[in-house]
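Worksheet: the structure to be examined is printed underneath.
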Amino acid sequence: LDTLPTRRQRRGVDDDLLLRTAAVLPFLETPSLSGAATELFREPAVLLHLGWSPLQIRIGDNDRHHNPEGRQPGSLPCHPDTLADALRRVEEKAWLDVQRLGVRALYEHGLVRGRVYAIDGTGLGDGLRLVCLVCVSADRPVIVAWRLLTGSASEKGKEAAVTRSLIDQAVELGGPGCIELLLVDALYADGPLLAWLKYHQQIDVLVPIPSDREIHRDLQGLARAGMLEFRRHSYVRAIQGHKQRRTLEISAQQATTSWESFVEAAHAYGDENPHLWATLICPVEATDPDDKPWTLVSTRRWSSGVAAFQAFRPRWHIENDTYRELKEGWRLEAERWGRDIEIQRARVTLTCLAFNTAQVYLSRSGGRLAARGIRPSGSD
C-alpha cells in the first residue's frame with residue numbers, strides 16, 4: 001500500500017499511513033468505516049505498529065474537525081473522514097496494481113494450491129457487481145483476481161471481456177499452466193472465450209448452460225427418444241450448513257457441435273473438427289422448484305458424465321465459502337463505507353486482500369483461529 005500514488009498535493013497526515021490504517025479496518029468486528037475506525041483508534045499498540053507516533057495518537061495530526069472545546073476523542077489520531085478522503089484520492093489503476101502485488105505474493109510463496117479455478121459474480125447493490133476468479137482446489141478458496149463492475153454485469157456479446165481480463169491477470173502472476181480447469185457460468189462465457197481458453201491458454205472449461213440453449217434441447221430430445229444411457233449418482237451436499245442426500249440421473253457424455261460460435265472460433269485456431277462434450281443431469285425426486293434438468297458442457301472429454309459432474313462440484317466454493325463469507329462475515333454488501341465509487345472500490349480491494357490473508361492463516365493454524373472465527377460470536 002505504501003506504493004500507492006494519490007492525487008493529493010497538500011499538508012496533512014501522510015497518505016501511506018492513512019492507507020495502512022484503512023487496510024486494518026476490514027479485520028475488525030465493526031463493519032462500518034466510522035465504527036471500525038473508532039474501534040481501531042482505541043488501540044494505541046496497533047496504531048504504533050502501523051506507524052502512528054505517540055504524539056499523533058495523543059493530540060492528533062492535523063487541524064481538521066476541531067471545535068471550540070478542543071479536539072474530540074473520536075478524532076484521535078484522525079477523524080474517520082480523513083481516512084475516507086485518502087481512499088477517494090486513489091485511482092482505479094492504482095488499486096489494480098495493489099491487487100496484482102498482493103496476489104503475486106501468494107503465488108510466489110506457494111499459497112495458491114491446485115489448478116482448478118472458478119469464475120462467478122455477485123451483486124453488491126446499487127448497480128454494483130463483484131466478479132472474482134477463485135482458486136477452489138484447496139480446502140479454503142483464495143481470490144486471485146477480481147473486478148468491481150458498475151451497471152449491467154452481463155458480458156454476453158462482448159466475448160466475456162471481464163473473464164479474459166481475470167484469466168490474463170492470473171496467468172501473468174501464476175505463470176502458464178497455473179490454471180488447468182475453469183468452472184464458469186454461461187453469463188461469463190461465450191463460444192469465442194471457450195475457444196480462446198482451450199487453444200490459446202490450454203485451459204479446459206466446464207460450463208452449466210441455461211435450458212434455452214440448443215445443446216440442452218438436443219440432449220433432452222435424445223433422452224425422450226431413449227437414445228441416452230443414464231447412470232444414477234447419489235451424493236451428500238451441504239446447504240447453509242445442513243447436509244442432504246441428493247440423487248441424480250446423469251447421461252453419458254455426448255459430442256456436440258451445437259455451440260456454433262465456439263465451432264467458428266475453434267476453426268480459426270486451426271482445429272478442423274472442433275466439438276464440445278455435454279452431459280444431461282436430471283434430479284431424481286426433486287423437492288426444490290429450481291431443481292430442474294440441466295446440461296454441463298466441457299471442452300474436455302471426460303471418462304463419464306459422473307466424472308464431469310464431480311469435477312464441477314468445487315465450483316460451489318465460490319458461492320458458499322467466498323461470496324457468502326464476504327457478505328456475511330466481512331459485511332461487504334451491507335457496509336461499503338460510502339456512496340462514492342472510489343471508496344467502494346477501495347473497500348472491495350482491501351476486503352479481498354484481508355479475506356486472502358485470513359484464508360492463509362486459517363489454513364496454517366486453523367485449529368487456533370477457526371475457533372474464534374470471523375463473524376461476531378453471537379451470529380450463526
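Just to confirm the number: angle between the C-alpha axis of helix 214-224 and the first principal axis of the chain, 0 to 90 degrees, nearest 10?
Between helix and principal axis, roughly 50 degrees.
Just the accessible area per residue of the range 155-292, please: how many Å² with a 1.4 Å probe? Please report the intermediate quantities before stating the final value.
Values: 7180 Å² over 138 residues.
Spelled out: the 1.4 Å probe surface of the range 155-292, per residue, equals 52 Å².
Summing Lys, Arg as +1 and Asp, Glu as -1, what charge do residues with Cβ under 11 Å from the Cβ of I318 carry, I318 excluded?
-3
Mind listing which GluC sites (Glu not before Pro) in the range 260-354 are in a DSSP loop and have 15 or fewer other Cβ atoms within 10 Å?
Values: sites: E260, E264, E272, E285, E319, E325, E328, E333, E335, E342; in loops: E272, E285, E333, E335.
When the GluC sites (Glu not before Pro) of the range 260-354 are filtered for loop state and at most 15 Cβ neighbours within 10 Å, E272, E285 remain.
What are the residues whose amide H is under 5 Å from the amide H of D120, where those residues sit 5 or more places off or on another chain and H is modelled from the backbone?
Hits under the 5 Å cutoff: C132.
Net charge around I341, counting only other residues with Cβ within less than 12 Å of its Cβ (Lys, Arg = +1; Asp, Glu = -1)? Walk me through the numbers before you get to the answer.
On the way: positive: R88, R336, R339, R345, R347; negative: E91, E92, D126, D340, E342.
Net charge around I341: 0.
Give the residue list of trypsin sites (Lys or Arg not before Pro) in the range 223-331 that are DSSP loop and have at most 14 other beta-carbon atoms within 10 angstrom. It would help to have the intermediate numbers written out before the result.
On the way: sites: R224, R231, R232, R237, K243, R245, R246, R300, R301, R315, R324, K327, R331; in loops: R300, R301, R331.
Sparse-neighbourhood loop trypsin sites (Lys or Arg not before Pro): R301.
Step through the residues of the range 301-308 one at a time and calculate ³J(HN,Hα) from phi using the Karplus curve (6.51 cos²θ - 1.76 cosθ + 1.60, θ = phi - 60°), rounding each to whole Hz and writing x for Gly and Pro.
8, 8, 5, 6, x, 5, 4, 5
Just want to confirm a number: the relative contact order over the chain, from Cα pairs under 8 angstrom separated by 6+ residues, in percent. Mind dumping the intermediate values first?
Details: 584 pairs, mean separation 58.3, N = 380.
Answer for the chain is 15 percent.
Tabulate in residue order the Karplus-calculated ³J(HN,Hα) for the range 324-333, using 6.51 cos²θ - 1.76 cosθ + 1.60 with θ = phi - 60°, rounded to whole Hz; enter x for Gly and Pro.
Coupling constants for the range 324-333: 5, 5, 4, 7, 8, x, 9, 6, 5, 6 Hz.
Could you please put S137, S251 in sequence from largest to smallest accessible area, using a 1.4 Å probe?
Details: S137 50, S251 0 Å².
Largest to smallest exposure gives the sequence S137, S251.
When Lys and Arg each count +1 and Asp and Glu each count -1, what net charge do the other residues less than 14 Å away from L182, Cβ to Cβ, add up to? Please report the intermediate quantities before stating the final value.
Working: positive: R115, R164, K198, R300, R315; negative: D120, D168, E180, D185, D190, D204.
Here the count lands on -1.
Just to confirm the number: angle between the C-alpha axis of helix 15-24 and the first principal axis of the chain, 0 to 90 degrees, nearest 10?
Helix 15-24 sits at roughly 60 degrees to that axis.
Non-local amide H neighbours of L332 (under 5 Å, H modeled in plane, Pro and chain starts lacking H): which ones?
Here K327 satisfy the definition.
In deg cm²/dmol, rounded to 500, what helix-only [θ] at 222 nm does the chain give when every DSSP H run of at least 4 residues adds -39500 (n - 2.57) and the total is split over its residues? Let's see the in-between values first.
Values: 13 runs with 133 residues, N = 380.
Dividing the helical sum by the residues of the chain leaves -10500 deg cm²/dmol.
For the chain, modelled as a Gaussian network with Cα springs under 10 Å, which listed residue fluctuates most, V263, V348, V236?
With Cα springs under 10 Å in the chain, the top fluctuation among V263, V348, V236 is at V236.
The values are calculated or read from the model by the stated rules, or taken from the named source; none is laboratory data. Because the structure is predicted, anything quoted here is derived from the model rather than measured. Neighbour counts run over all protein chains shown; Cβ positions are idealised from the backbone, glycine included. These accessible areas exclude ligands, DNA and RNA; they are computed on the full protein's heavy atoms, side chains included. Shrake-Rupley method; radii C 1.70, N 1.55, O 1.52, S 1.80 Å.
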